[in-house]
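I have placed the structure first, in the form of structure tokens, so that the comments after it can refer back to it.
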Amino acid sequence: MVIFFYIALSFTVFCVITLLAAPFLLRPSVQARRVLDVVTSDRPDKRTISGKEAARDRLLALARSFRARLGLSEDEKLRQRFICAGLKGGSQLDLYFTARFIGPVAGIIGGTFIHTNTAFWCLALAAIGYLLPDIWLTRAVNRRKKKIQRGIPDAIDLLVICVEAGLGLDQALLRIGQEIALSYPELNEEFNQINLEQRAGKPRLDAWQSMADRTNLEEFNALVTMLQQTDRFGTPIVRALARYSEEIRTARRQRAEEAAAKTKVKILFPLVFFIFPCLFIVLLAPAFLTLSTTFGH
């Protein structure tokens, strides 16, 4: 078991030396430095950056360069998952790859402190450290999708009311975003994104299709299909939206009924393992104590 400790220690020393030597080995070329000299401003930076932020930026820069060296910088599927989770910042992807790199190393180091089955614990903790960022990202995506899905029926009802009142579809989206900003901020963010894309010159249906691709929800896919058919065949959009609103309400009612039906099965396990033993103790314990006292005398 001692050999695993020395292997982990050697690997840790190698990682530390690599991180220290990375700024010298991965420094920019002459052309890159020339471009940096052109775009660099001579104005003094008056911002106050704490040591924690500076260390984080330095670590993210190292992770970004290391990720570029490995050819992991262009993963569109992973980028789409981050967008679906509402994480649109450039540093989020770097943090993700940094966590997936540091997690197994920390798992191997932590496994060496367990003296029984050291090899198993090193592999298990390394696998857990590698999978934890992906599990967190999956939970973030599902959480945001549920929040958006919860607000779609109310948003469609407000959209029908606004269009019937005489507003256009774009103005109705802005108005709905103002109304649901507090209750459904994620949905408001998506509607604002549609408005910004249309202002930039993107066609309306393409902007709605982009929202459906970002959220990856069946409700928005059906809504985009309905809008495309309405635009193609000239159907009144108010009637189509009213019909779609009824379908969304029915689907939400069916999901609620399904969840209520599942509770009968889910409550069986806590009822058997937690509630029934307590009832048996409360009801039978006094009788058992009385019988034991009587037979004892």
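Structure values in brief
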| read-out | value |
| --- | --- |
| Single residue of segment 150-201 satisfying the filter (small (Gly, Ala, Ser) and assigned to a loop (DSSP other than H, G, I, E, B)) that is surrounded by the most Cβ atoms within 10 Å (Cβ to Cβ) | 181 |
| Pairs with Cβ under 7 Å, 6+ apart, first in segment 246-274 and among the aliphatic types (A, V, I, L, M), second part of a helix (DSSP H, G or I) | 248/152; 248/153; 248/156; 248/219 |
| Residue within segment 252-274 that is closer than 30 Å to residue 78 by Cα, of a type outside the set (Phe, Trp, Tyr) and modelled with pLDDT of 80 or more present | yes |
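The values are calculated or read from the model by the stated rules, or taken from the named source; none is laboratory data. Please read all numbers here as calculations on a predicted model, not as lab measurements. Cβ sites come from the backbone with ideal geometry, for glycine too, and all protein chains shown count toward neighbours.
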